[in-house]
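Asker: I'd like to ask you about the structure that follows.
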Amino acid sequence: MVRTSQQFQTFSDRHIPYPFALQGIVGFALLMTPLSGIGLRGPVSVGGTPERYWAMCAIMGVQLIMTVVVPVQRMRLWLQILYLLLQCALTAVSQSLFPAPLIDYVYLAIVLQALTLFRPWLWIPFAVGVWVLWSGGVIMATASVLAWIQSNLALAFPATCAIIAAIIYVRQYRRGEQAQQMLQQMQQRYDSLSTALREMQQCVALEERRRLSQMLTGEVQAALARTEQNIVAAISQAQNNLSRFQTTVAQTRASAGAAVDRLRVAITLLRRGEDDQVPPHSPMITTMAAMPFDELVISSQPYQILSWVLPVVFVALSLLVMLLQHRPTPDVILPLFALYALLLLAYIYTLRAHNALLLQIGLMGQTLALVALAIITQAMPILLGLLLVLWQIALRLPLSQIVIFLAGMPAAIGLLLARMRPQTMDAESLLICAVSAATVLGPLLLARRQLDQRRQAELRVALLSGEIEQQTSEVRTLAVATERTRLAREFHDDLGSRLVLINLQLQLAEDLVAESPEQALDQLQISREQLRAAWRSVLSVADAELPLEGHALAAALGDLTAQCQQSTSAAVDLRANECLDDLTPTVACTIYRVVQEGVANACKHAHPGTITVQIDRSASHITVMVLNDHLLTDTSDAHITRGGASPGSYGLVGLRERAEALGGRIEADPVPEGGFRLILHLPNEGGL
C-alpha cells in the first residue's frame with residue numbers, strides 16, 4: 001500500500017500541474033459552468049444566443065485542457081503569471097459572451113491556482129485583481145449596483161471557506177511532500193545501510209586501533225625499550241667486569257619479566273573491556289528524527305480562531321442579504337433572530353461535543369436552522385451556509401460517519417424544502433450548491449488524507465531511523481569489541497610468545513655467565529635481535545598488518561623453530577607433507593600462531609626433549625599438531641580441561657577464536673604417553 005501510494009504520488013507530481021484536490025476543483029468548476037447555463041428551458045433562457053453559449057463552452061473546454069496539460073508548477077514565475085492572466089482573459093470573454101451562474105466559481109478556481117503557485121505577497125494582490133475583473137464583468141452584465149452587491153454577498157462566504165480550505169490543503173500537501181522526501185531519503189539510506197555500516201565499521205576500527213595503540217602500545221614499547229637498554233648495558237659490561245656483567249644480566253631478565261607482566265595486564269584489559277568506554281558516536285551515518293505529529297488538520301490556535309470567524313462572517317453576510325431582499329418588519333426579523341440564535345446555540349453545542357452521536361445531533365440542528373432560514377428568506381446565499389456544517393463534518397467526523405451524514409443530509413433537506421416550500425430548487429441552484437460543497441469539502445477531506453499519509457510516512461521515518469541507529473550502535477560496539485579482541489589476540493600470540501622465548505634466552509644467559517661468558521654474550525646478542533623483532537611486531541599489530549603470506553610460512557616456521565632451539569635445549573622437528581605456498585594470508589597466519597603458541601607454551605611450562613610440529617594438508621582439511629614429549633609442569637596459561645580454557649588463559653582463547661573464524665576448531669589436551677598436544681583443524685577451501 002505504501003509503495004502504491006508513493007507511485008501514485010510520483011505520477012501525480014510528474015503529470016498533474018496542481019495538487020490533486022485543486023486540480024479536481026478547477027476541472028469541476030470548468031465542467032459545471034456550461035451546465036449551469038443550460039437551465040430548464042435551454043441556453044436562450046439565460047440570455048444571449050445559442051452561438052454565444054457554445055462559444056462560452058468552447059472557451060471553458062480550452063481552459064480545461066490547459067489546466068490538465070500545461071505543467072504550470074515547473075514553469076518560471078513570470079510564465080506562471082502570464083498563464084493565469086490568460087485564464088483570466090478567457091474567463092472574462094466567456095462572461096461577456098454568456099454570463100453563466102457558475103462563472104463566478106471559475107474566477108475562484110483561478111484564485112485557488114494562484115494560491116498554490118505564488119507566495120502570499122503575490123497571490124493576495126492577484127486575487128484582488130481577479131475580484132476587480134469579475135466585479136467589472138458583473139456590473140457590465142447587470143448594469144445594477146444592487147445586483148453587484150448581491151453577487152458579492154452570495155459569493156463572499158463560499159469563497160472565504162474555499163480559500164481557507166485550499167490553504168489548509170496546500171499546507172498539508174507540502175508538508176506531506178516533505179515527509180515523503182524524508183521517507184525516500186531514509187529508505188535510500190536504509191537500502192545502502194550495509195555499505196555504510198561496513199565503512200563505519202572500518203572507521204570505528206581505525207579510531208579504536210589508534211586510541212588503543214596510543215594507550216597500550218606506548219607502555220609496552222616503553223617496557224621493551226627498558227629491556228633493550230639493559231641488554232645493551234649487559235653487553236658493554238661483558239668486556240670489562242664479569243661480576244658487573246652478571247648483575248646486569250639479572251636486571252635485564254627482571255626487566256623482561258616486567259614487560260611480560262605489563263603485556264598480561266594490557267591483554268586482560270582488552271579482553272575484559274575494563275577501564276575503557278566505547279568512543280563517542282561519530283557522524284558516519286546521520287539519522288533524521290521524525291517530525292512531531294499534528295493533533296488536527298489545523299493546528300490548535302488557528303482552529304479556535306476559524307471556529308468563531310466563520311459563523312460570524314456567515315451571520316453578517318446573511319443579514320445583509322436578507323436586508324437587501326426583505327423589508328425589516330417584525331414578522332420577518334423575530335423569526336430570523338430566533339433561528340440565528342438556534343444556529344449559534346447548536347454551533348456552540350457542536351464545538352463542545354466529543355461524543356460522535358452528540359456531535360451529529362449538533363450538526364443536524366445547525367442544518368435544520370440553516371434550511372429554515374433559507375425557507376423564510378427565500379434567499380439562495382443563506383442555503384450556502386451549509387458550508388459551515390460541511391466544514392465541521394470534514395474536520396471532526398470519521399470518514400464512515402461523513403459518508404452516512406452526507407447521504408442523509410441532502411435527503412432531509414429535500415424533504416423539508418418539498419414540504420415547506422411550494423416550488424422546488426432549480427438546476428442552477430443545485431449546481432451552485434454542489435460546486436460550493438466540492439470547493440470546501442474536497443480540499444478538507446483530502447487534507448485529512450494527506451495528514452494520515454504524512455503520519456504514516458513520519459512513523460516509517462521514525463522506525464527506519466531507529467533501526468538504522470540500533471544497527472549502527474550494534475556495529476560500532478561489535479567493531480570496537482572486534483578490534484580490542486584482535487589486539488589482545490595478536491599481542492598474546494606474537495609478542496607474548498617472543499617475550500617468553502627472550503625470557504628463556506636471558507635465563508640461559510644468566511646461567512652461562514659464570515661458566516662461559518662468551519656463550520652468555522652470544523645469547524644476549526640473540527635476545528637483542530629477538531627484542532627488535534618483537535618491537536617490529538608491536539608496530540605491525542598496531543597497524544593491523546598480517547605478518548606473512550602463504551609462500552613465506554615455511555621460512556617463518558623455520559625461523560621460529562630455530563629461535564626455540566637457541567633458547568632451550570629442546571629439539572624441534574618440523575614436518576609438512578604438502579606445499580603451503582598457496583595458502584591465504586589469514587590461514588597462513590593462523591597456522592603460524594598455533595605453532596608459535598604451542599612451541600612457546602612447551603618451552604615455558606615444560607622441559608621437553610623434543611617438540612614435534614606436524615602439518616598435514618589433504619583435499620578437504622588442514623591439520624596442525626604441536627606435540628611435546630613431556631607433560632606441562634605449570635598449566636596457568638596452557639591448561640585446557642575437557643570443557644574449555646581455565647580462567648585467566650587468553651592464549652588458547654585467541655587460537656580458538658582464530659580457528660572458529662575460519663570454520664575450524666582447536667583441541668588441546670595431554671596425551672596418555674606423557675606430554676601435551678595442541679591440534680588445529682581447518683577446512684581446506686582452496687583444495688590441492
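Bear in mind these aren't lab numbers, they're just calculated from the coordinates by the rules spelled out. If you're wondering where the values come from, they're calculated on a predicted model, not measured in any experiment. Please note: Cβ atoms are built from the backbone with ideal geometry, for glycine as well, and neighbour counts cover all protein chains shown.
Asker: Please report, in debye to the nearest 20, how large the charge dipole of the stretch 49-182 is about its Cα centre when each Lys and Arg carries +1 at its beta carbon and each Asp and Glu carries -1 there.
Answerer: Approximately 460 debye in magnitude.
Asker: For a quick check: with amide H placed at 1.01 Å from N, whose amide H comes under 5 Å from I622's, ignoring anything fewer than 5 positions away on the same chain?
Answerer: L682, N684
Asker: Each residue of the stretch 309-319 in turn: what ³J(HN,Hα) in whole Hz from Karplus with 6.51, -1.76, 1.60 and θ = phi - 60°, glycine and Pro shown as x?
Answerer: 5, 4, x, 5, 4, 5, 4, 5, 5, 5, 5
Asker: Would you mind getting me the FRET efficiency between E177 and Q304? Use the beta-carbon distance for r and R0 = 30 Å, nearest 0.05.
Answerer: Once the sixth-power term is evaluated, E becomes 0.65.
Asker: Next question. What is the set of long-range amide H partners of I611 at a cut-off below 5 Å, with H atoms built 1.01 Å from backbone N?
Answerer: The answer is A571, V572, D573.
Asker: Please go through the stretch 59-146 and write out the chymotrypsin sites (Phe, Trp or Tyr not before Pro) that DSSP classes as loop and that have at most 11 other C-beta atoms within 10 Å.
Answerer: none
Asker: Please turn the phi angles of the stretch 428-436 into ³J(HN,Hα) values with the Karplus equation 6.51 cos²θ - 1.76 cosθ + 1.60 (θ = phi - 60°), one per residue in order, whole Hz, x for glycine and proline.
Answerer: Residue by residue, the stretch 428-436 yields 4, 5, 5, 5, 4, 4, 5, 5, 4 Hz.
Asker: For the stretch 72-113, what number results from the quotient of the Cα radius of gyration and 2.2 N^0.38 Å?
Answerer: So the Cα radius of gyration is 1.25 times the expected 2.2 N^0.38 Å.
Asker: Hey, rough spin-label estimate for A356 and D522, points 7 angstrom out along Cα→Cβ, what's it come to in nanometres?
Answerer: So the two model labels end up 10.0 nm from each other.
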